[in-house]
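Student: I have a structure here, written as structure tokens, and I will follow up with some questions on it.
The values are calculated or read from the model by the stated rules, or taken from the named source; none is laboratory data. All values derive from a computational prediction rather than experimental measurement. Positions of Cβ are generated from backbone atoms using ideal geometry, with glycine treated the same way; all protein chains shown enter the neighbour counts.
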Amino acid sequence: MLSPTSALNIRVKDDPIMAGRAAAAEAAEALRRAQAAQGSARVVFAAAPSQRHLLEALALEEEIDWSRVTAFHMDEYIGLDPGAPQRFGNWLRTAFFDRVPLEAVHLIDPDPAPEAAAGAYARLLAEGPIDLVCLGIGVNGHLAFNDPPVADLDDPQEVKVVELDEICRRQQVDDGGFPDLDQVPRRAITLTIPRLLAADRLVAVVSGKYKSEAVRRTLYDPIGAACPATALRTHPRCTLYLDADAASLLPSGETDEG
């Protein structure tokens, strides 16, 4: 059973498209509320194939003034060519940023000085509250590039340089981003877990049977760095959207299916 102190909402849909669309509807409503309350919104996006259906549906949502939305992303490889399609900023431009008229898009530019880039990005994020984070969960339970070997749920930093573990790097190959493991960068810049959890609302999309064990651990393992995604259970406004395959290891009765 889930911890009675967990505020995490779980929604299970039949397939990845339905999960993404449902997540987009909640994300859109969060943006509308933020704009109604304060005139603008600031959002952090994940870049991954699992997020494509959310992004496609979100771009079609109505009654969002995109000219009053500022976009960030949560991680980026170090050492790739600026034009490489594997760079998450480039992926997000194609999948979403170039499809809606955003007020501003702040991309992580890690080279040639990653530590300085991390500090500069942290300062941009700190200029105002983050209203929404749209994210996923890695096969090793990571959030952004906070892999179990380097994750710190009480990290004093907001953005930092990290070493990527092999499971994380292999996922990038399995997701089709790279032809083989040797071509996956070993370092990246990532928003830390406290920085992600500082957002007002989190909407997570996870799909595929290969993520089912990570989902199970997220919901039932002790909260800690061994499975960084367990930290989602500490956030008061986080919804986890799963397809049937990603939810396949969960007991019935703990999810809202439909």
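Student: Within the group Leu219, Leu196, Leu202, which residue is part of a helix (DSSP H, G or I), within 14 Å of the chain's Cα centre (by Cα) and not charged (D, E, K, R)?
Tutor: Exactly one residue qualifies, and that residue is Leu196.
Student: Now a separate question. For segment 222-253, name all the residues that are over 16 Å from Val139 (Cβ atoms) and among the β-branched types (Val, Ile, Thr).
Tutor: Result: Ile223, Thr234, Thr239.
Student: How many of the residues in segment 131-151 are in contact with a Ser or Thr (Cβ under 7 Å, 6 or more places away or on another chain) and either in a strand (DSSP E or B) or surrounded by fewer than 17 Cβ atoms within 10 Å (Cβ to Cβ) (or both)?
Tutor: Of the residues in segment 131-151, 1 are in contact with a Ser or Thr (Cβ under 7 Å, 6 or more places away or on another chain) and either in a strand (DSSP E or B) or surrounded by fewer than 17 Cβ atoms within 10 Å (Cβ to Cβ) (or both).
Student: Something else: Among Ala247, Ala188, Ala229, Ala214, which is crowded, with 18+ Cβ neighbours inside 10 Å, touching a strand residue (DSSP E or B) at 6+ places or on another chain (Cβ under 9 Å), aliphatic (A, V, I, L, M) and part of a loop (DSSP other than H, G, I, E, B)?
Tutor: So the residue among Ala247, Ala188, Ala229, Ala214 that is crowded, with 18+ Cβ neighbours inside 10 Å, touching a strand residue (DSSP E or B) at 6+ places or on another chain (Cβ under 9 Å), aliphatic (A, V, I, L, M) and part of a loop (DSSP other than H, G, I, E, B) is Ala247.
Student: Output the number of the condition that Asp200 fails; it satisfies all remaining conditions of (1) acidic (Asp, Glu); (2) surrounded by 23 or more Cβ atoms within 10 Å (Cβ to Cβ); (3) closer than 27 Å to Glu127 by Cα.
Tutor: (2)
A quick yes/no check of all residues on (1) buried (at least 20 other Cβ atoms within 10 Å of the Cβ); (2) part of a loop (DSSP other than H, G, I, E, B):
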{"position": "Thr70", "(1), (2)": "no, no"}
{"position": "Gln86", "(1), (2)": "no, yes"}
{"position": "Arg99", "(1), (2)": "no, yes"}
{"position": "Asp111", "(1), (2)": "no, yes"}
{"position": "Glu115", "(1), (2)": "no, no"}
{"position": "Ala122", "(1), (2)": "no, no"}
{"position": "Pro129", "(1), (2)": "no, yes"}
{"position": "Pro156", "(1), (2)": "no, yes"}
{"position": "Val162", "(1), (2)": "yes, no"}
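Rundown of residues vs (1) touching a residue at least 24 places away in the same chain (Cβ under 8 Å); (2) of a type in the set (Gly, Ala, Ser), yes/no style:
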site: Asp174; (1), (2): yes, no
site: Asp182; (1), (2): no, no
site: Leu197; (1), (2): yes, no
site: Ala204; (1), (2): yes, yes
site: Thr218; (1), (2): yes, no
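Student: Which one of these does Leu92 not meet: (1) of a type outside the set (D, E, K, R); (2) outside any helix (DSSP H, G or I); (3) closer than 27 Å to Gly177 by Cβ?
Tutor: The one condition Leu92 does not meet is (2).
Yes or no, residue by residue, for (1) closer than 23 Å to Tyr210 by Cα; (2) at pLDDT 95 or above; (3) aromatic (Phe, Trp, Tyr):
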| position | (1), (2), (3) |
| --- | --- |
| Lys13 | yes, yes, no |
| Arg32 | no, yes, no |
| Ser50 | yes, no, no |
| His53 | yes, yes, no |
| Glu56 | yes, yes, no |
| Asp65 | no, yes, no |
| Thr94 | no, yes, no |
| Asp111 | no, no, no |
| Gly119 | no, yes, no |
